[in-house]
Amino acid sequence: MGRTSQVTARIARRAADYRERVPKNRNTFSLLARLPRRAASRAVHRGWAWAQRAGAVTAEHPGRLRFRAIGPGTRLAFPQGTVFGERWIELGAHCVIGEQVTLTAGMMPDLDLGPDTVLTVGDGVVLGRGSHVIADTTVTIGSDTYCGPYVYITSTNHSYDDPHEPVGRQWPRMEPVTVGPGCWIGTGAVILPGARLGRNVVVAAGAVVRGEVPDHAVVAGAPARVVRSWDPRKGWQPPLRTPAPVPIPEGVTPEQLLALAEPDEARDTPRGGGTAP
């Protein structure tokens, strides 16, 4: 056997001896190590769930926030975003306000904004996670308006009249904002100062809205423009491309609706678990 072959055989024997001595599982205590991690993970999730329940703001449990009015059934999820000027903010009943939603009245905290309400949120309004409603002057959101996540509604915008002065140092412009009842505002849409949205307006995701939008209109784009509207005689123009949803028949119980949601196999299987004869 040549010298090279002897060296190769020696390396192979040493490698085999090493594999026999070293456990196949490099971390002998991997199972024991995972147990504390699992326990810690469960504890963290339980603690966070408790914090979400305890930190939510309602009429019964307002925490540090003292709104001018907060209706029954309204809930601000925890954690809240920036909230100040609560004395000039009215929240209607049964509103759903998601996590990290900012609600402000006035340009900064601790200002005296006078006797009137500045920010009014109607009954049944939904503000999606991360949305902002900035009311340096009057902002009104009508009842049953739904906003997706990260919607931005503001009554204030920077001005840039003086080309020699930094934009951030110039006094901003303020105009009231009105969002009519029953609107749907898609994710990431921006409602600019002076906007006046009518009833049941649909704002597409990412749209930038300014000016007046008539009732029953669909707007999209930046700047937003009307892309569909309702005509009392002709209906939606241009026509909708999807069929209208079928209403739930009267008398249908929640149990029947749940049964319809089950897969066919589950409906064919008796509740006892056996198969039909």
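Just so it is clear, none of the values below were taken in a lab; they were calculated from the coordinates. This structure is a prediction, so every number in the text was calculated from the model and none was measured. Cβ coordinates were reconstructed from backbone atoms using ideal geometry, including for glycine residues, and neighbour counts include every protein chain displayed.
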Fill in the blank from the handout: For 164-176, 59-71, 244-256, 143-155, ranked highest to lowest by mean beta-carbon neighbours within 10 Å, the order is 143-155, 59-71, 164-176, 244-256
Exercise for the section: Express the relative contact order of the stretch 69-160 as a whole percentage, based on alpha carbon pairs under 8 Å and six or more residues apart in sequence. Expected result: 25
Problem - Separation in nanometres of the label points that stand 7 Å from Cα toward Cβ, at residue 169 and residue 87 - result: 3.3
Fill in the blank from the handout: Dividing the mean separation of Cα pairs under 8 Å (6+ apart) by the residue count of the chain yields a relative contact order in percent of 8
Completion exercise
Amide H contacts under 5 Å for residue 202, restricted to residues at least 5 apart in sequence or on another chain and with H modeled in the peptide plane, are 184, 217, 218, 219
Problem - Extension gain, residue 146 back to residue 237 (0.36 nm per residue minus Cα-Cα distance, nm) - result: 30.5 nm
Practice task
For residue 207, enumerate residues with amide H under 5 Å from its amide H, sequence gap 5+ or separate chain, H modeled in the peptide plane.
Solution key: 189, 190, 221
Fill in the blank from the handout: Expected vector for the stretch 100-110, Karplus 3J(HN,Hα) from phi with 6.51, -1.76, 1.60 and θ = phi - 60°, integer Hz, x for Gly and Pro, equals 6, 8, 9, 10, 9, 10, x, 6, 7, x, 6
Completion exercise
Rounded to the nearest 500, the 222 nm mean residue ellipticity computed for the chain from DSSP H runs (n ≥ 4, each -39500 (n - 2.57)) alone is -7000 deg cm²/dmol
Completion exercise
dims of the chain, Cα set, principal axes, largest to smallest, nearest Å -> 97, 75, 45
Practice task
Would you kindly derive the ³J(HN,Hα) couplings of the stretch 112-117 from the backbone phi angles with the Karplus curve 6.51 cos²θ - 1.76 cosθ + 1.60 (θ = phi - 60°), listing them in order in whole Hz, with x for Gly and Pro?
Solution key: 8, 9, x, x, 9, 5
Practice task
Go ahead and run the numbers for FRET between residue 41 and residue 256, Cβ-Cβ distance against an R0 of 35 Å, rounding to 0.05.
Solution key: 0.35
Completion exercise
Simple SL model, points at 7 angstrom along Cα→Cβ for residue 248 and residue 10; separation in nm is 8.2
